[in-house]
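To keep things clear, I will list the structure first and then write my remarks on it.
The values are calculated or read from the model by the stated rules, or taken from the named source; none is laboratory data. Source: prediction; values computed, not measured. Cβ atoms come from the backbone with ideal geometry, glycine included; neighbour counts cover every protein chain shown.
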Amino acid sequence: MITYPQARTCPYHPAPGYDELREGPPLRRTQLINGQEAWVISGYEQARALLADSRVSSDRTNKGFPMIMPPAIAAVQTSPNRPFIVRDDPEHNRVRRMLISEFTVRRLKELQPEIEKIVHATIDAMLAAGPPADLVTAYSLPIPSLVISRMLGVPWEDHEFFQRQTRTIVQSRDPKDSGEAVGSLLAYLSALAQDPPPGLIARLKEEQVGTGAMSLDDLVVTSMLLLGAGHETTSSMISLGVITLLEHPDQLAALRSDAGTVAGAVEELLRYLTIVETALLRVAVEDIEIAGEVIKAGDGIVFAASIVNRDPAAFEHPDRFDVARQANHHVAFGFGVHQCLGQNLARVELRLALPTLFERVPGLRLAVPVDELDLRPATTIQGVNALPVTW
Ligand code: HEM
C-alpha cells in the first residue's frame, strides 16, 4: 500500500512514489504518514465532485479527520477558536462573506499599480545588492509579504518577525517550537488589533467587531490565517515558477515574446506545480457512493492535488509544461465553497512578479543544479527553502 504524502525529488514534479496513484482507480484506501487510513483521491472528476459535496466536512474536530498537517497547525485548527477555513457552512460562510469584497477582481485592479511598484522596488534592491542572491529572501518572499501586510495594515518593520513565525508554524516538526510561534503570532496580532493601523484589520474591527458581528478573537485568528496564507503560498509559486521557466527555455522564450501568454502561463504553472499537495483534507459526514466505492461516514479524505491536476482525462499530455495550454480548470486553488479566497490576489502577484523579473534580469540563472536545491518536506506547502541565483 502506498503511503501519503511523500517527498518530491524534483521541485516541479509530484513525488515519484505517487506513480502508483496515477495508474488504476481514481480513489483508494491509503495509509497516511501518521498511521491513519484514509481515501486518497487522484481522479479529477471525483475530486471536483467530492470537493463540491456538502456531505464532506472541513471541520478538523470531526472524528476520523486526516490529521497530517504540522502539529502547530493541527492545534490551531482544532481549537474552539479555529479559523473559517476549517469550519463548515454556515459558520464558514459567515466570515468568508465579511472578507470577499477585499479580494474581488475589481478591488485587485485598484491595487495593481501599488503591487507593480513593490515588484520594481524589490528588483531594484536585489540588483543593487547582487549578484548572487537567494531569490527566496530577495524576491519571492518580500513581494507577497509586503502586499498582504499592506492590505491588512500590519507594519512592515515587523516582517522578519511574522515571516519567521509563519515559517516555523508551517515547517517545524517540533511541537514546542511551532506552538510557541503560534502563541507569539497570536499575541502580536491581538496587540495590533487593539489599535490597528489603516487596512483590512482596522476595517473589520470597525464594521464587524464594532457591530458585534465578529468577536475580537475571531478577528485575530482570521488575520493570522490571511497573513500566513497570503505570503507562504504565493512566495513558493514565484520560486518554483522561476525554476520551472528556467528549466524549460522554450516556454520561457514564449512567455517573453508575447505578453498575451502571461495569464495562461500562470494558470499552467499553478496546475503543473500544485504546491498544496496536503492542504485539501476532508472527512465524510454521511456515506457517499462514488466510482463504485462507498466512502463511509467518518472516513478521512485526502485530495492528491498534484496527481488530480495531472489526470490525463482533464489535461492532455499532463506531464508536459505548456504555457499555451488553457489550464484554468485546475484545482490548485481547491474547488467548492472553500475555493481560495486569495486567488485573484495571487494571480495579480504572479502575473507581475514572474515576467517583470525575467524582463529586468534577462541573464537570470540558477547558481546550483536543480537536483541540489533544498526542497520543502512532504507535509507542507511545496517549495524550496532557498533558491541561489545569479545573473
Ligand atoms: C483557501 C491555495 C494564495 C487566502 C485555499 C485553498 C487552496 C489554496 C487549495 C482551499 C483549501 C480547502 O479547500 O480546504 C492557494 C494557493 C495560493 C494561495 C496555491 C498561491 C498561489 C492565497 C492568498 C491568500 C489566500 C494570496 C490571501 C489572503 C486563502 C483563504 C482560504 C484559502 C482565506 C480559505 C477560504 C475558505 O475556506 O473559504 N487556498 N492559496 N490564499 N486561501 Fe489560498
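Screening Thr122 against (1) among the polar types (S, T, N, Q); (2) within 13 Å of the ligand (Cβ to nearest atom); (3) in contact with a Phe, Trp or Tyr (Cβ under 8 Å, 6 or more places away or on another chain) leaves a single unmet condition, (2). On the stretch given as region 38-54, residues that are of a type in the set (D, E, K, R) and either within 15 Å of the ligand (Cβ to nearest atom) or farther than 17 Å from Ala313 by Cα (or both) total 2. Could you please let me know if Gly292 is farther than 28 Å from Ala49 by Cβ and away from the ligand (no atom under 16 Å from the Cβ)? No: the conditions fail for Gly292. The residues listed here are Arg167, Arg203, Arg150; of these, the one that is in contact with an Asp or Glu (Cβ under 9 Å, 6 or more places away or on another chain), among the basic types (Lys, Arg), part of a helix (DSSP H, G or I) and modelled with pLDDT of 95 or more is Arg203. Residues that are among the polar types (S, T, N, Q) and either surrounded by fewer than 20 Cβ atoms within 10 Å (Cβ to Cβ) or more than 22 Å from the chain's Cα centre (by Cα) (or both) within region 26-56 comprise Thr30, Gln31, Asn34, Gln36, Ser54, listed in sequence order.
A single member of Leu127, Leu99 is more than 13 Å from the ligand (Cβ to nearest atom), of a type outside the set (D, E, K, R), part of a helix (DSSP H, G or I) and surrounded by fewer than 21 Cβ atoms within 10 Å (Cβ to Cβ), and it is Leu127.
Of the numbered criteria (1) of a type outside the set (Gly, Ala, Ser); (2) in contact with a Leu (Cβ under 6 Å, 6 or more places away or on another chain); (3) closer than 25 Å to Leu111 by Cα; (4) part of a loop (DSSP other than H, G, I, E, B), the one Val348 fails is (4). Reported count of residues in region 351-389, each being surrounded by 15 or more Cβ atoms within 10 Å (Cβ to Cβ) and part of a strand (DSSP E or B), is 5.
Filtering region 210-256 to residues that are more than 13 Å from the ligand (Cβ to nearest atom), farther than 16 Å from Leu186 by Cα and crowded, with 18+ Cβ neighbours inside 10 Å leaves Met214, Val242, Ile243, Thr244, Leu245, His248, Gln251, Leu252, Leu255.
The condition of being out of contact with any strand residue (DSSP E or B) (no Cβ under 9 Å at 6 or more places or on another chain), among the basic types (Lys, Arg) and in contact (Cβ under 8 Å) with a residue 24 or more places away in the chain holds for only one of Arg82, Arg97, Arg60, Arg106, that being Arg82. Within region 313-325, is even one residue part of a strand (DSSP E or B) and either within 16 Å of the ligand (Cβ to nearest atom) or more than 30 Å from Arg94 (Cα to Cα) (or both)? No, there is no match, as no residue in region 313-325 is part of a strand (DSSP E or B) and either within 16 Å of the ligand (Cβ to nearest atom) or more than 30 Å from Arg94 (Cα to Cα) (or both). The residue list Thr278, Thr274 contains one member that is in contact with a helix residue (DSSP H, G or I) (Cβ under 7 Å, 6 or more places away or on another chain) and within 16 Å of the ligand (Cβ to nearest atom), which is Thr274. Checking each residue in region 58-95 for being modelled with pLDDT of 95 or more, polar (S, T, N, Q) and touching a Lys or Arg at 6+ places or on another chain (Cβ under 7 Å) picks out only Ser58.
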